[in-house]
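Contents: one structure, followed by commentary.
The values are calculated or read from the model by the stated rules, or taken from the named source; none is laboratory data. Here the structure is a predicted model, which is why all the values come from computation and not from measurement. Positions of Cβ are backbone-derived with ideal geometry, glycine not excepted, and every protein chain shown enters the neighbour counts. SASA here: full protein model, heavy atoms, side chains in, ligands and nucleic acids out. Shrake-Rupley method; radii C 1.70, N 1.55, O 1.52, S 1.80 Å.
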Amino acid sequence: MELKELYQEIILDHGKNPRNKGVCSNYNFDAQAHNPLCGDKVHIYLNLDKDKKLVDISFEGEGCAISLASASILTEILKGKDLNLTKKISEEILGMIKNKEKITINSLTEDQITTISSLAGVQEFPMRVKCATMVWHTFLSALNKKN
Ligand code: ZN
């Protein structure tokens, strides 16, 4: 299978069967965003414990397959990680989607890098870049907003 097909398959899978969908219990941070160009909406919920570990994360949303896949991938990749690492991962992924920057974080598995890389395919479709990036910005803004 070509890499491009593999990436498309990952996006379709996450878009059709989003992981961590719903409102997680005991969330203490959340944020929402809306992309009027495409109609995508997302609301993410985070449970950060006192050691600044992201013990749970979930999202509710509607919109195109790319926005749902990106939200699903975000929850899957960031769940269980330390706050500082989740910020670094989010910033690198935004750099990758927007500017083709390489992912340098070495604590991610090869499978996780492949999953993340599938989001970079939107570069060929400038109108869809926001569909992929919105949830990562929303995650970062949730961290600055305690309930
Ligand atoms: Zn969209």
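Over the chain, with a Gaussian network built from C-alpha contacts below 10 Å, which listed residue (Glu110, Glu76, Glu91) shows the highest mean-square fluctuation?
Among Glu110, Glu76, Glu91, the largest GNM mean-square fluctuation belongs to Glu110.
Sum -39500 (n - 2.57) across every DSSP H segment of at least 4 residues in the chain, then divide by the residue count to get the 222 nm mean residue ellipticity, nearest 500. Each step should come with its number before you reach the end.
Values: 5 runs with 67 residues, N = 147.
Helices in the chain give a 222 nm mean residue ellipticity of -14500 deg cm²/dmol.
Please identify, among Lys98, Lys41, Lys50, the residue showing maximal mean-square fluctuation in a Gaussian network model of the chain using a 10 angstrom Cα cutoff.
Lys50
Going down the list Lys16/Lys41; Lys21/Lys41; Lys21/Lys52, which pairs span over 18 Å between their C-alpha atoms? Don't skip to the answer; put the middle values down first.
On the way: Lys16/Lys41 16 Å; Lys21/Lys41 13 Å; Lys21/Lys52 22 Å.
Pairs exceeding 18 Å: Lys21/Lys52.
On each of the three principal axes of the Cα atoms of the range 20-140, give max minus min coordinate, whole Å, ordered largest first.
So the three principal-axis extents are 41, 33, 19 Å.
How large is the dipole of the chain about the Cα centre if only Lys and Arg carry +1 and Asp and Glu carry -1, each at its Cβ, rounded to the nearest 20 debye?
On the way: 19 positive and 19 negative charges, 103 e Å.
So the magnitude is around 500 debye.
Around Met96, under 13 Å between beta carbons, what's the net of Lys plus Arg minus Asp minus Glu among the other residues? Working shown, then result.
Numbers: positive: Lys88, Lys98, Lys100, Lys102; negative: Glu91, Glu92, Glu101.
Net charge in that neighbourhood comes out at +1.
Using the heavy atoms of the protein chains alone and a 1.4 angstrom probe, what is the accessible area of the chain per residue in square angstrom?
It amounts to 54 Å² per residue over the chain.
Report the gain in length on full extension from Asn26 to His137: 0.36 nm times residue separation, minus Cα-Cα distance, nm rounded to one decimal. Walk me through the numbers on the way to the answer.
On the way: separation 111, 0.36 × 111 = 39.96 nm, distance 2.20 nm.
So the extension gain works out to 37.8 nm.
I'd like to compare 25-31, 122-128, 60-66: which one has the highest average count of other Cβ atoms within 10 Å, and what's the full order after that? If you can, show how the numbers build up before the last one.
Details: 25-31: 15.1, 122-128: 13.0, 60-66: 17.9.
Answer by packing, highest mean first, reads 60-66, 25-31, 122-128.
Per-residue HN-Hα couplings for the range 20-32, Karplus 6.51 cos²θ - 1.76 cosθ + 1.60 at θ = phi - 60°, whole Hz, x for Gly and Pro?
Once θ is set to phi - 60°, the couplings for the range 20-32 become 6, 8, x, 10, 6, 6, 6, 6, 10, 9, 7, 7, 9 Hz.
With a 1.4 Å probe and every protein chain kept in, tell me what percent of the accessible surface of the range 3-144 is carbon plus sulfur. Don't skip to the answer; put the middle values down first.
Details: 3600 of 7280 Å².
Percent of accessible area from carbon and sulfur atoms in the range 3-144: 50.
Assign one of three labels to the range 14-77, namely rounded, prolate or oblate, based on the Cα gyration tensor with a ≥ b ≥ c the square roots of its eigenvalues; rounded applies when a/c is under 1.5, prolate when it is not and a/b is larger than b/c, and oblate otherwise. It would help to have the intermediate numbers written out before the result.
Working: a/c = 2.59, a/b = 1.76, b/c = 1.47.
The shape class here is prolate.
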